[in-house]
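Peer 1: Just dropping this structure here.
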Amino acid sequence: MAAPAGSKESGTSLGRSFCKLCLLIFIVFTSLFLVCLIRALTFENREIDYKPCKVTDEDYIRADGKVVDRLVHSLRFKTVSTSKHEYNRDELLKFQFFLKREFPTVHNSSLVKHEVVNGYSLLYELPGTNPELKPYLLAAHLDVVPASDEGWEHPPFDGVITEDGHLYGRGTLDNKDGVLGILEALEFHLKRGFKPKRTLFVALGHDEEVGGDDGAAHMAQMLKDRGIQLEFVIDEGMPILSAGLPMIDKPVAIIGAAEKGYVTLEFKVEVPGGHSSMPPPETSIGILSKALARLEASPHPDLFGYGPEAAMMEHMAPHMSFLGKFVMTNLWLFGPLVSRALASKPATNGQVRTTTAITVFNSGIKDNVLPPVATAYVNHRIHPAQSIQDVIDYDKAVINDERVQIKLSRSVMNREPSPISPTGPEDFGYQIIRSSVKQVFPDAVTVPGILMGNTDTKHYLDLTKSVYRFLPAVLVPEDSKRIHGFNERIAVQNFEQIINFFYHLILNADQEKLQVLHSHTEEL
Ligand SMILES: N[C@@H](Cc1ccccc1)C(=O)O
Ligand SMILES: CCCCCC(=O)O
Ligand SMILES: [Zn+2]
Ligand SMILES: [Zn+2]
């Protein structure tokens, strides 16, 4: 049967426009590929390497004998914090006397001014010979979160070292490794006659795990009252990830340049009670449960690129496989892909958005009584691009039900996200930390990032804009569950590296200014 009139021509023109469309798509994809390729090939590694401090073999501190014993004994003090103002004072005092006895030079040298603050925190000052140089602060905390023997391979307060060289205990990662790391390095320096040019403070808080209001807050106020401004602060924070990041096979030291905010919201539904034989279509439990289900089904917006996470990827790019570099130097195009990859795992989802965790649900009186009240608590860790009010507004819009009352909980931990600290090639504090990492972990890549937990650094934000949350514990992503969880542990060899990190940091920070070694840009 002949084709209807005109169909032959239209078939050809359809074919022609289809070919034009294919050609257009081919041209678009080819040009996108070429743009990405040129960017990847010409990407400049802006990092500048600075002259590291001079050290000899005698300068290396070994974590053996007395050194490792001191950490083991420190873990046995049950310096547990449970809530605001509630912490084990006896154990804190025993720990304090132990440190005074074990670090005699730090505590008796005429070079060191040592103060016990608010009964249990420890503040040390080593005045520098050059008062022109702004002081810096090394922070850590003496307290730990609770732990019972249940669920642990070795009791959390015994300090057991296993055959494979791991020391098990509450506080091995959070944060007695930091406390002893700083004190071992300082004692070693002082015994060798070290006299700083730049004033150094060490602040060991005793209630970080419950907000730091009795410890770090007081030490910060003392420094403010003395009119002190700091060059930089380094406190506990992100680790060195030895695995788990996409398309990079080197260890990555993530230096926390920002810290997420923290807010717990209370959701409450109040309805008339009554006899369960005459129930309304929805009880208070039903109304609140549906509202919470909507919250879980509507994650807060993906804010990849609005915090330090994009800078983190770009700093990794020069050290990645070609594919990795191709992607990470073209986040303008692949950003949505990268953020979806980060969002796919709980351990990294918090890098790209405000997280939502329904942590408490209370309701019900008796099985034949309609529940007059249902209450729930939701804990959000807030992305630096959002505020507490943004989070409340978003939750209200998602819940969209007048019967659900939403209000700020009276949690002592509520706080806005921190400002983002400078991480540029000339920023002294960030570069000093980078140099010290590279001296102790030569094959590690250093990048800026966000700390998802919270620390005492909130109290020091008025003293400097350069606040970093980093401690070179070498971890894999699975280890994150050990922090505040079961089987917290540290490799003794890694503790030795932490001590030497602080040893180098104290030397590197004592320079008047950064001395350029070479800039990668010059190399190109
Ligand atoms: N550091 C602990 C406790 C804490 C929370 C919030 C502020 C200060 C401390 C955490 O991140 O959960
Ligand atoms: C290792 C990071 C810890 C976050 C702050 C804390 O829980 O003490
Ligand atoms: Zn903690
Ligand atoms: Zn901690």
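Peer 1: So for segment 202-297, averaging the separation of alpha carbon pairs under 8 Å that are six or more residues apart and normalising by length, what relative contact order in percent results?
Peer 2: That works out to 13 percent.
Peer 1: Then there is this: Pull up the DSSP beta bridges for the chain and report the antiparallel fraction as a percent, rounded to 5.
Peer 2: Around 70 percent antiparallel, to the nearest 5.
Peer 1: Okay, moving on. With no solvent and one point per C-alpha, what does the Debye sum give as log10 I(q)/I(0) for segment 22-163 at q = 0.09 Å⁻¹?
Peer 2: Log10 I(q)/I(0), no solvent term: -0.57.
Peer 1: How high is the FRET efficiency between residue 35 and residue 64 when r is their beta carbon distance and R₀ equals 56 Å, given to the nearest 0.05?
Peer 2: 0.55
Peer 1: Okay, next question. When we measure straight from the Cα of residue 191, which aspartates and glutamates land under 15 angstrom away, once same-chain ones fewer than 8 places off are left out?
Peer 2: Here the aspartates and glutamates satisfying the reach criterion relative to residue 191 are 58, 59, 102.
Peer 1: Using +1 at the Cβ of each Lys and Arg and -1 at the Cβ of each Asp and Glu in the chain, identify which of 83, 245, 119 lies farthest towards the dipole's positive end.
Peer 2: Among 83, 245, 119, the one farthest towards the positive end of the dipole of the chain is 245.
Peer 1: Under 17 Å between alpha carbons, and skipping anything fewer than 8 positions from residue 250 in its own chain: which lysines qualify?
Peer 2: Excluding near neighbours in sequence, the set is 325, 438.
Peer 1: Hey, got the dipole for the chain? About the Cα centre, +1 on K and R Cβ, -1 on D and E Cβ, debye to the nearest 20?
Peer 2: In debye, rounded to 20, the chain gives about 900.
Peer 1: Quick one: of 134/260; 78/224; 100/176; 134/224; 197/458, which pairs are farther than 23 Å apart, Cα to Cα?
Peer 2: 134/260; 78/224; 197/458
Peer 1: Between residue 9 and residue 110, with labels modelled 7 Å along Cα→Cβ, what's the label distance in nm to one decimal, could you check?
Peer 2: Computed distance between label sites residue 9 and residue 110 equals 10.8 nm.
Peer 1: Would you mind calculating the gained length between residue 478 and residue 191 on full extension (0.36 nm times residue separation, minus the Cα-Cα distance), in nm to one decimal?
Peer 2: That works out to 99.4 nm of additional length.
Peer 1: If you don't mind, another one. Write down the accessible area per residue of segment 297-337 in Å², having rolled a 1.4 Å probe over the full set of protein chains.
Peer 2: Each residue of segment 297-337 exposes 41 Å² on average to a 1.4 Å probe.
Peer 1: While we're on this one: How large are Rg and Dmax for the chain when only the alpha carbon atoms are used, in Å?
Peer 2: 27.6, 109
Peer 1: For segment 4-52, take N as its residue count and report Rg(C-alpha) divided by 2.2 N^0.38 Å.
Peer 2: Compared with the compact-globule rule of thumb, segment 4-52 sits at 2.41.
Peer 1: Moving on. Where the accessible area of segment 117-219 is counted over protein heavy atoms with a 1.4 Å probe, how much of it, in %, is carbon and sulfur?
Peer 2: 47
Peer 1: Can you list which of the DSSP-assigned H helices in the chain have a Cα extent of 30 Å or more along the long axis and an average Kyte-Doolittle score of at least -1.0?
Peer 2: Answer set is 7-42.
Peer 1: OK, next. Might you tell me the accessible area per residue for segment 1-92, computed with a 1.4 Å probe and given in Å²?
Peer 2: About 70 Å² of surface per residue is accessible.
Peer 1: OK, next. Can you give the direction-averaged projected area of the convex hull of the alpha-carbon atoms in segment 258-408, in nm²?
Peer 2: 10.5
Peer 1: Okay, next question. From the residues 7, 467, 355, which one has its Cα farthest along the dipole of the chain in the positive direction, the dipole being from +1 and -1 charges on Cβ of Lys/Arg and Asp/Glu about the Cα centre?
Peer 2: 7
Peer 1: Rounded to the nearest 500, what is the chain's calculated 222 nm mean residue ellipticity when only DSSP H runs of at least 4 contribute -39500 (n - 2.57) each, over all residues?
Peer 2: That comes out to -11000 deg cm²/dmol.
Peer 1: According to a simple spin-label model (label point 7 Å from Cα along Cα-to-Cβ), what is the distance in nm between residue 402 and residue 18?
Peer 2: Roughly 5.8 nm, to one decimal.
Peer 1: Defining a contact as two alpha carbons under 8 Å apart and six or more residues distant in sequence, what relative contact order in percent does segment 65-115 show?
Peer 2: 24
Peer 1: Determine the share of segment 258-408's accessible area contributed by carbon and sulfur atoms, expressed in whole percent, with a 1.4 angstrom probe.
Peer 2: That share works out to 58 percent.
Peer 1: Still on this structure: Dipole of the chain (Lys/Arg Cβ +1, Asp/Glu Cβ -1, origin at the Cα centre): which of 194, 92, 258 lies farthest to the positive side?
Peer 2: Toward the positive end, the furthest listed residue is 258.
Peer 1: Let me ask something additional. Excluding residues fewer than 8 places away in the same chain, name every one of the aspartates and glutamates whose C-alpha is closer than 16 Å to that of residue 396.
Peer 2: 266, 296
Peer 1: To continue, here is another question. With +1 on the Cβ of every Lys and Arg and -1 on the Cβ of every Asp and Glu, and nothing else charged, how large is the dipole of segment 291-397 about its Cα centre, in debye rounded to the nearest 20?
Peer 2: 180
The values are calculated or read from the model by the stated rules, or taken from the named source; none is laboratory data. Being a predicted model, the structure only gives us computed values, none of them experimental. With ideal geometry, Cβ positions are generated from the backbone for all residues, glycine too; neighbour counts draw on all protein chains shown. Each accessible area value is taken on the protein alone, full model and side chains, heavy atoms only, with ligands, DNA and RNA left out. Shrake-Rupley method; radii C 1.70, N 1.55, O 1.52, S 1.80 Å.
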